[in-house]
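*Asks:* This is the structure I have questions about; it appears just below.
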Amino acid sequence: MEQAREGPALKQELLSKHGDSQGERVSRGVDQVLALWRPTDGDAGEFIRAHFIADPNVLEATFQRLEATFEQLDGHFLEIGRELRRPTDLDLGPLLTVDPLLSGLDASAHLTEDLFQSKVAFEILLNFPLVSLEERLAHGRDYSRRQWAEVRLAGRFSRRIPPEVQQEAARAGADADLYIAQYNIWMHHLLAGGERLFPRGLRLISHWNLRDELKADYADPHGPEKQSQILRVMERIVTQTIPAEVIDNPRLDWDPVANSVAVAPPGEVEEGAPKREAKASDAPEPSTRYAKLLASFQAARKADPYSPIAPTAIARSFEGREIPEERVVSLLTEVLTSPVVPKVAELIEKRLGRKLQIQDLWYNGFQPRSKHPEKELDAITRKRYPNPESFAKDIPRILQKLGFEKSKADFVAARVVVDPARGAGHAMPAARRGDFPHLRTRIEKDGMNYKGYNVAVHELGHNVEQVFSLYEVDHTLLQGVPNNAFTEALAFVFQARDLELLGLDKPDAESDRFRVLNDFWQTWEIAGVALVDIAVWHWMYDHPDGTPAQLRDAVVQISKDHWNKFYEPVLGGRDTPLLGIYSHMIAYPLYLADYPLGHLIAFQIEEQVKKAGVLGPEFERMAKYGSVVPDLWMVNATGSPLSAGPLLRATENALSGKGEDARPTAPRKAKP
Ligand SMILES: [Zn+2]
């Protein structure tokens, strides 16, 4: 209140000192400082008088100093975090009890508050503009690159969240992450009326590997039985009726239909299987899945009061994407309810020769890879990539095959570090020049299997983007891409070429049509999953005191409702809770919308690449544009803002056999 009175006088004082030409800067700067200044910070007036910069040369030098400083701060803190998580992220042997504690530590948790307390943040807020999402969306088109860099500089100080609140969120996140990373199902130990459908040693992490196995089973003579067993397992995970003891336990047999558990006969236990207690208990997992999610929610919620512009975790998630929630929901709903859905479904029915069923949510028959049994692909990738080093060595060849010049391929390959992952694999960026992005890939004892390879190619796409958007961007304050959806889109561009990179298929017109249909079906699938994720967070905000069991019931109900609304008309299976299976909902909350957005974006980018004729240089041109708002990035990349139109039109064309002409030729008709 003191400060509210102080503001006008301070502004007047600065104006008489520096002249009216500084009027707008003075007014904005003083307001920005006073909004986040606390009495414990000292005398605001004294600080403002001493630190307002009117001289353009000094302002320029200050900007440059800060840009260089933040590259070092962010880059080194990122490295520290990567090292703290090394034991839990990498497959380097059994975990020590201290490892999860280390991975939960966020060394930079205090950084923002330290920057406030040291007044660096206030110097920035006093001299550089803080711009709301609305302003960025409305006027960003007219900003210079330098102005965009200033927006990013001040933007990180739009909220002042206490370090202990951030620490708690980091701990909850790491805890959920580890819970998921160890959520394996030993498939040989699933019993179907006493029969074992899956091979020895097959250990699948939920949900990624379970879903991918279900997809691969279309090419298997025992596919239908296997798929139905996987669906039962998934449903039991979502509803938490899975017996707790069978999780990651190769010493127990489990019949997921009868839900009965028995000690596995010694002859069926894999050699070298991890030590586990063989306790034949069918006691259900006690809603642990939802306790982890609730812990993340409770931790995230504590930041709300310190974030006036985006006062919920949901709002912050969309503020971070720089696409408003309503726009995301409407893009996803446009896909889910598109008139092409029943047409694609009809085509799939024709190809399968039967009515569609629940598992066809993950129909895989448009994938060229279904022609090759998984075993054949496994044999190829295992032989080629026995260890992480062999994959690393092959990166220059992969990149040249994707159209990068040799020198560029070598430049990128020299900046990607390959590590063995404990979980399903991921890509980790770098944030300062001199440090390198890391590719984490899962390699089993007998080499990289096809699933691992497919993920590795995806992650490599991330890494290549990360190299360009750090090493070649004009302002390091603009490093990266607008948001995760763009990262994913660029990774999909690589992943879509995984078989070509093995030398297996030359894409012809038909496989191009199929690729479009496959993309569409996947987008349709995950769009609903993303809406469930968002709806679950709204439920938690509406029921802040909910228990894990109540959250479980809510997730099951929300999943059923979305299924019944969008999927049941096409696939049947009323009231299945299947949409709740994605591990992201637990370990990476509010991230899922980035996947369908990623597909839409990928589609726009693919078209551009086709137009340009070669992937490499186009990929580089797009990636090095850096982090501006999504629509502007997209205009630079492809000439038009983000839209579901290209995917839907291309799907329509693929259905009518015009796959090669997928490029949009007419403006999209507006949809309500
Ligand atoms: Zn990815």
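The values are calculated or read from the model by the stated rules, or taken from the named source; none is laboratory data. What you see is a predicted model; the values in this text were computed from it and never measured. Neighbour counts are summed over all protein chains in view; Cβ atoms, including those assigned to glycine, are modelled from backbone coordinates with ideal geometry. Heads up: the accessible areas ignore ligands, DNA and RNA and are worked out on the full protein's heavy atoms, side chains in. Shrake-Rupley method; radii C 1.70, N 1.55, O 1.52, S 1.80 Å.
*Asks:* How much accessible surface does K401 have with a 1.4 Å probe, in Å² rounded to 10?
*Replies:* 120 Å²
*Asks:* If you take every DSSP beta bridge fully contained in the chain, what fraction is antiparallel? Give it as a percent rounded to 5. Before the final figure, lay out the partial values.
*Replies:* Details: 15 of 21 bridges.
Just about 70 percent of them are antiparallel.
*Asks:* So how far apart, in nm, are the two label points at D446 and E405 if each is 7 Å from Cα heading toward Cβ?
*Replies:* About 4.4 nm separates the two model spin labels.
*Asks:* Please list, ordered by chain and number, the residues whose modelled amide H lies under 5 Å from the amide H of V417; skip anything fewer than 5 residues away on the same chain.
*Replies:* Amide H to amide H, under 5 Å and 5 or more residues apart or across chains, V417 pairs with H438, L439.
*Asks:* Taking all protein chains together and a probe of 1.4 Å, list Y582, Y595 from the most accessible to the least accessible.
*Replies:* Working: Y582 5, Y595 40 Å².
Reading off the accessible areas and sorting them downward yields Y595, Y582.
*Asks:* Turning to a different aspect of this structure: Identify the trypsin sites (Lys or Arg not before Pro) of segment 27-120 meeting these criteria: DSSP loop state and at most 13 other C-beta atoms within 10 Å of the C-beta. Intermediate results must be reported in sequence, preceding the final value.
*Replies:* Values: sites: R28, R49, R65, R82, R85, K119; in loops: R85, K119.
Those that pass, being in a loop and sparsely packed, number zero.
*Asks:* Toward the positive end of the charge dipole of segment 257-398, about the Cα centre and with charges on Cβ (Lys, Arg +1; Asp, Glu -1), which of S338, Y306, N387 goes farthest?
*Replies:* Farthest towards the positive pole: N387.
*Asks:* OK, next. Report, by chain and number, residues whose modeled amide H sits under 5 Å from the one on L252, excluding near sequence neighbours (fewer than 5 apart, same chain).
*Replies:* A264
*Asks:* Tell me the per residue accessible area of the chain using a 1.4 Å probe; a whole number in Å² is fine. Provide the component values of the computation, followed by the final result.
*Replies:* Values: 27690 Å² over 672 residues.
Each residue of the chain exposes 41 Å² on average to a 1.4 Å probe.
*Asks:* Could you rank V464, V455 by how accessible they are, 1.4 Å probe, largest area first?
*Replies:* Values: V464 0, V455 40 Å².
Solvent-accessible surface, decreasing: V455, V464.
*Asks:* Let me ask something additional. Less than 12 Å Cβ to Cβ from A273, Lys/Arg counted +1 and Asp/Glu -1: what total charge do the surrounding residues give?
*Replies:* Numbers: positive: R200, R203, R251, K275, R276; negative: D248, E268, E270, E271.
Summing Lys and Arg as +1 and Asp and Glu as -1 gives +1.
*Asks:* If you don't mind, there's one more thing I want to ask. Measure off, as a whole percent, the carbon and sulfur share of the 1.4 Å-probe accessible area of segment 219-352, all protein chains present.
*Replies:* Carbon and sulfur together cover 57 percent of it.
*Asks:* For the pair T69/E376, report the inter-label distance in nm, with labels modelled 7 Å from Cα in the Cβ direction.
*Replies:* For the pair T69/E376, the computed spacing is 6.1 nm.
*Asks:* Cα centroids of segment 315-352 and segment 1-68: how far apart, whole angstrom?
*Replies:* 46 Å
*Asks:* How much net charge surrounds T487 when only the other residues with a Cβ under 12 Å from the Cβ of T487 are counted, with Lys and Arg +1 and Asp and Glu -1?
*Replies:* Details: positive: R321; negative: E459, E465, E488, D594.
The answer is -3.
*Asks:* A follow-up question, please. Longer than 30 Å from Cα to Cα, which of K226/K350; K119/K302; K226/K611 are they? Say none if no pair is.
*Replies:* As for pairs spanning more than 30 Å Cα to Cα, those are K226/K611.
*Asks:* Once all Cα-Cα distances of the chain are split into 10 Å bins that start at 0, what whole-number percent is in each one?
*Replies:* Spelled out bin by bin, the chain gives 3, 14, 24, 27, 19, 9, 4, 1, 0 percent.
*Asks:* Any idea what angle helix 388-401 forms with the longest principal axis of the chain, computed on alpha-carbon atoms, 0 to 90 degrees, nearest 10?
*Replies:* Orientation of helix 388-401: about 80 degrees from the principal axis.
*Asks:* Between Q357 and E325, with labels modelled 7 Å along Cα→Cβ, what's the label distance in nm to one decimal, could you check?
*Replies:* The answer from the label model is 3.8 nm.
*Asks:* Further, regarding this structure: Tell me, what is the 1.4 Å probe accessible area of I358, in Å² to the nearest 10?
*Replies:* Here the residue's solvent-accessible area equals roughly 30 Å².
*Asks:* Here is a follow-up. List the trypsin sites (Lys or Arg not before Pro) in segment 433-494 that DSSP assigns to loop (not H, G, I, E or B) and whose Cβ has at most 10 other Cβ atoms within 10 Å. Which are they?
*Replies:* Values: sites: R433, R440, R442, K445, K451; in loops: R442, K445.
Passing sites in segment 433-494 are K445.
*Asks:* Compute the signed sum of charges (Lys and Arg +1, Asp and Glu -1) over the other residues within less than 14 Å, Cβ to Cβ, of I161. Walk me through the numbers on the way to the answer.
*Replies:* Values: positive: R38, R156, R159, R160, R301, K302, R316; negative: D106, E113, D114, E164, E168, D304, E319.
For residues surrounding I161, the net value is 0.
*Asks:* I need the calculated FRET efficiency for the pair D20 and K565, taking r as the beta carbon distance and R₀ as 51 Å, to the nearest 0.05. Display every interim value, and only then the final one.
*Replies:* Working: r = 58 Å, r/R0 = 1.15.
Computed FRET efficiency for D20 and K565: 0.30.
*Asks:* Once the Cα atoms of helix 548-562 and of the chain are each reduced to a long axis, what angle between those two axes, in degrees from 0 to 90 to the nearest 10, is obtained?
*Replies:* Long axis of 548-562 versus the principal axis of the chain: about 80 degrees.
*Asks:* Compute the angle between helix 594-612 and the longest alpha-carbon principal axis of the chain, please, reported from 0 to 90 degrees and rounded to the nearest 10.
*Replies:* Taking Cα atoms only, the helix is inclined about 90 degrees.
*Asks:* Rounded to the nearest 10 Å², what accessible area does H438 show when all protein chains are kept and the probe is 1.4 Å?
*Replies:* Accessible area, nearest 10 Å²: 10 Å².
*Asks:* Which whole-number percent gives the relative contact order of segment 87-173, counting Cα pairs below 8 Å spaced six or more residues apart? It would help to have the intermediate numbers written out before the result.
*Replies:* On the way: 50 pairs, mean separation 35.5, N = 87.
Across segment 87-173, relative contact order equals 41 percent.
*Asks:* Can you sort R171, R415 by solvent-accessible area, 1.4 Å probe, largest first?
*Replies:* Values: R171 135, R415 55 Å².
Per-residue accessible area, sorted high to low, gives R171, R415.
*Asks:* Quick one: 3J(HN,Hα) in Hz for segment 533-539, Karplus 6.51/-1.76/1.60 with θ = phi - 60°, rounded, Gly and Pro as x.
*Replies:* 4, 5, 5, 5, 5, 5, 4
*Asks:* Next question. Report the relative contact order of the chain, percent, no decimals, based on alpha-carbon pairs under 8 angstrom and at least 6 residues apart. Don't skip to the end; give the middle numbers.
*Replies:* On the way: 1004 pairs, mean separation 102.0, N = 672.
15 percent.
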